[in-house]
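S.K.: One structure coming up, written as structure tokens, with questions to follow.
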């Protein structure tokens with residue numbers, strides 16, 4: 001039986017009268033990559049931020065392995081240090097160098113001694129291919145480089161799960177590749193990942209599971225081959241067709 | 001007697017002083033306006049000599065305390081034979097001070113009118129004077145309104161300094177009442193409240209004007 | 001000239017007055033800084049309740065009432081409430097709290113221009129509110145605050161001359177004493193005072209400019225805020 005890392009049960013989220021998430025349930029197994037696709041504004045990003053409680057859901061429960069995230073007694077900071085998040089706009093700490101960006105969580109949250117923290121950070125930075133930029137500042141880097149640092153920052157905390165919120169949507173086209181490569185390698189090395197993205201090529205090649213969301217509900221869910229080739233839902237087919245034309249990859 | 005009774009009794013006198021405060025503020029801001037515009041022009045369009053002169057004026061006035069400037073006018077000028085009344089010294093001093101600050105606001109506003117506007121004006125045959133008068137000035141006056149509103153409110157507050165050179169505005173009235181009743185603290189609470197009301201009303205009023213006069217899109 | 005000689009003799013008094021002015025300014029700015037920072041954090045991260053009932057009335061009051069009135073309120077208020085504080089203390093409280101009201105605006109603007117992505121990123125790696133503010137928000141906000149803070153420094157330094165009104169023997173009052181003692185040329189003496197203030201402002205500005213350069217975040221710029229109401233701006 002595969003180990004379930006993330007269990008999401010009946011999540012609802014409203015902003016005033018607007019109902020953004022209307023009962024989302026799914027799970028992600030250890031070592032697997034799940035990609036969430038769907039039109040913009042359907043609550044995909046909100047779903048991710050509900051998982052690490054940056055926007056707490058109004059209803060529903062979430063478990064990280066055996067711990068219930070949504071339980072009022074749970075210390076959310078401890079949970080968050082086990083879940084990594086990569087943002088669309090990178091959100092690197094602008095006043096800190098690349099190395100300090102990656103190291104900060106280890107020093108402040110996990111209280112790891114400086115030498116050890118530096119070693120761990122260097123390892124992750126090398127992993128994403130930026131070992132030579134440790135003293136640079138975020139504003140001096142390209143978008144792709146910044147996003148890779150952002151991934152290293154998430155990796156440094158040794159998370160059980162990494163959430164990716166449209167990681168390549170804010171990048172120039174030629175820089176998308178370097179980020180997707182890093183993500184692909186992560187998946188190959190067994191990281192559990194939940195990715196919101198429009199990159200169909202990546203989804204087809206790397207995802208173990210694809211979830212198609214629209215208007216706050218899950219329309220269809222399944223393995224990539226099934227979704228891309230034999231999808232049952234006409235809406236899914238329609239979306240995939242349009243999106244694949246736009247973003248490349250084969251329909 | 002209670003605080004409220006005291007407040008009620010002294011209000012008429014304080015309001016007399018408030019009128020002087022308002023007069024002072026209005027005269028000063030007008031003086032500042034008529035100093036500020038030429039000085040701003042001098043700093044943007046003037047030759048080297050005028051620029052230096054105007055910059056000198058602005059830097060010195062803005063770099064020294066208003067109180068010192070008032071002292072120089074009221075206590076200092078008699079040394080060379082010029083005697084000014086407290087009220088006169090006050091509005092001249094505050095006016096010149098405001099002029100230096102207004103010059104900077106106007107300068108900022110002039111410089112934020114895009115260069116292309118000037119070039120367009122020249123290209124249809126206007127000379128510099130006409131371009132300034134018909135194109136720059138109207139836009140500048142509207143762009144400067146937020147800063148200018150600030151300035152007006154600052155002046156309402158800084159007019160209180162006139163008290164220090166014995167001008168008969170609200171603070172002096174307050175002091176006179178205080179020395180009669182020995183309830184200085186409470187008197188000044190009332191004064192503080194009057195300023196609060198004055199500033200709040202003025203702000204709301206200026207806000208409304210600002211919104212009406214705003215250039216759409218800028 | 002006889003008059004210049006007078007100034008030369010008065011120099012020690014003027015210098016002691018200058019020292020008092022400098023100390024006053026430091027106290028005002030320090031109180032304003034500490035309280036202003038707290039107020040700004042309260043405005044950005046605090047509860048609605050705190051903001052509406054405590055912070056906004058405080059700011060409204062200390063920004064609408066003139067400095068001179070505040071000075072008198074604290075000076076005479078101390079005897080009214082039978083609290084024994086010196087004129088110096090009264091001045092520090094009045095002007096310090098006033099500066100806090102203005103500095104809180106400066107810091108609030110800086111914090112808000114940083115953007116909420118920074119806070120989200122900090123929280124997403126497990127930092128609590130305090131850690132996020134300390135390691136991520138404040139370092140950036142303080143750097144961005146330096147230019148407007150330079151203006152506040154100049155204002156506070158110049159307004160310190162108002163302490164004269166409650167009897168604190170700062171620079172201007174020393175000048176007054178010299179004029180009174182020696183029947184000297186008031187114009188000259190007050191002009192000298194003005195020049196000393198000017199130099200203090202100038203030197204301070206230069207120092208702050210160097211500070212700004214030293215701590216600049218490579219590649220970063222502050223965004224401007226256009227939609228404030230008048231009351232928020234003053």
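Conditions (1) more than 14 Å from the chain's Cα centre (by Cα); (2) in a strand (DSSP E or B), marked per residue:
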position: A:22; (1), (2): yes, yes
position: A:28; (1), (2): no, yes
position: A:34; (1), (2): no, yes
position: A:42; (1), (2): yes, no
position: A:46; (1), (2): no, no
position: A:62; (1), (2): yes, yes
position: A:78; (1), (2): yes, no
position: A:89; (1), (2): no, no
position: A:99; (1), (2): yes, no
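S.K.: Within region C:182-194, does at least one residue satisfy the condition of being over 22 Å from residue B:81 (Cα atoms) and touching a helix residue (DSSP H, G or I) at 6+ places or on another chain (Cβ under 9 Å)?
M.R.: no
S.K.: Okay, moving on. Just one of C:181, C:225 is modelled with pLDDT under 95, surrounded by fewer than 18 Cβ atoms within 10 Å (Cβ to Cβ), under 30 Å from residue A:136 (Cα atoms) and more than 14 Å from chain A (Cβ to nearest Cβ); which is it?
M.R.: C:225
S.K.: Select, from A:60, A:105, the only residue that is within 13 Å of chain C (Cβ to nearest Cβ) and without any contact (Cβ under 8 Å) to a residue 60 or more places away in the chain.
M.R.: The match here is A:105.
S.K.: A follow-up question, please. Please verify whether residue C:126 is crowded, with 22+ Cβ neighbours inside 10 Å and touching a strand residue (DSSP E or B) at 6+ places or on another chain (Cβ under 9 Å), treating the condition exactly as stated.
M.R.: Spelling it out, residue C:126 is indeed crowded, with 22+ Cβ neighbours inside 10 Å and touching a strand residue (DSSP E or B) at 6+ places or on another chain (Cβ under 9 Å).
S.K.: Just to check your reading of the model, which residue among B:73, B:30 is modelled with pLDDT of 90 or more, farther than 26 Å from residue B:142 by Cβ and in contact with a helix residue (DSSP H, G or I) (Cβ under 8 Å, 6 or more places away or on another chain)?
M.R.: Testing whether each residue is modelled with pLDDT of 90 or more, farther than 26 Å from residue B:142 by Cβ and in contact with a helix residue (DSSP H, G or I) (Cβ under 8 Å, 6 or more places away or on another chain) leaves just B:73.
S.K.: Counting only residues that are crowded, with 22+ Cβ neighbours inside 10 Å and either more than 21 Å from the chain's Cα centre (by Cα) or closer than 16 Å to residue C:38 by Cβ (or both), how many does region C:75-95 have?
M.R.: Of the residues in region C:75-95, 0 are crowded, with 22+ Cβ neighbours inside 10 Å and either more than 21 Å from the chain's Cα centre (by Cα) or closer than 16 Å to residue C:38 by Cβ (or both).
S.K.: What number of residues in region A:218-232 are within 16 Å of residue A:196 (Cα to Cα), in contact with a helix residue (DSSP H, G or I) (Cβ under 6 Å, 6 or more places away or on another chain) and free of Cβ contacts under 8 Å to residues at least 24 places away in the same chain?
M.R.: Counting residues in region A:218-232 that are within 16 Å of residue A:196 (Cα to Cα), in contact with a helix residue (DSSP H, G or I) (Cβ under 6 Å, 6 or more places away or on another chain) and free of Cβ contacts under 8 Å to residues at least 24 places away in the same chain gives 2.
S.K.: For region B:128-175, give me each residue that is without any contact (Cβ under 8 Å) to a residue 40 or more places away in the chain, part of a helix (DSSP H, G or I), in contact with a helix residue (DSSP H, G or I) (Cβ under 9 Å, 6 or more places away or on another chain) and more than 10 Å from chain C (Cβ to nearest Cβ).
M.R.: B:130, B:131, B:134, B:135, B:136, B:137, B:140, B:141
One line per residue, one yes/no per condition, for (1) closer than 30 Å to residue C:102 by Cα; (2) within 13 Å of the chain's Cα centre (by Cα):
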{"position": "B:118", "(1), (2)": "no, no"}
{"position": "B:124", "(1), (2)": "no, no"}
{"position": "B:130", "(1), (2)": "no, no"}
{"position": "B:133", "(1), (2)": "no, no"}
{"position": "B:140", "(1), (2)": "yes, no"}
{"position": "B:143", "(1), (2)": "yes, no"}
{"position": "B:146", "(1), (2)": "yes, no"}
{"position": "B:149", "(1), (2)": "yes, yes"}
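S.K.: Here's something else I'd like to know. Pairs needed: first member in region C:108-119, more than 9 Å from every other protein chain (Cβ to nearest Cβ) and loosely packed, with under 15 Cβ neighbours inside 10 Å; second member anywhere, assigned to a helix (DSSP H, G or I) and modelled with pLDDT of 90 or more; C-beta distance under 6 Å; at least 6 residues apart or different chains.
M.R.: Note: no pairs meet the criteria.
S.K.: In region B:168-185, which residues are more than 10 Å from residue B:17 (Cβ to Cβ) and either surrounded by 19 or more Cβ atoms within 10 Å (Cβ to Cβ) or modelled with pLDDT of 90 or more (or both)?
M.R.: B:178, B:184, B:185
S.K.: Now for a separate question. Would you pick out the residues in region B:43-59 that are without any contact (Cβ under 8 Å) to a residue 24 or more places away in the chain and either part of a helix (DSSP H, G or I) or out of contact with any helix residue (DSSP H, G or I) (no Cβ under 9 Å at 6 or more places or on another chain) (or both)?
M.R.: Once the filter is applied, which keeps residues that are without any contact (Cβ under 8 Å) to a residue 24 or more places away in the chain and either part of a helix (DSSP H, G or I) or out of contact with any helix residue (DSSP H, G or I) (no Cβ under 9 Å at 6 or more places or on another chain) (or both), region B:43-59 yields B:47, B:48, B:49, B:50, B:51, B:52, B:53, B:55, B:56, B:59.
The values are calculated or read from the model by the stated rules, or taken from the named source; none is laboratory data. Just so it is clear, the structure is predicted and the values come from calculations on it, not from any experiment. Using ideal geometry, Cβ is built from the backbone for each residue, glycine included, and neighbour counts are taken over all protein chains shown.
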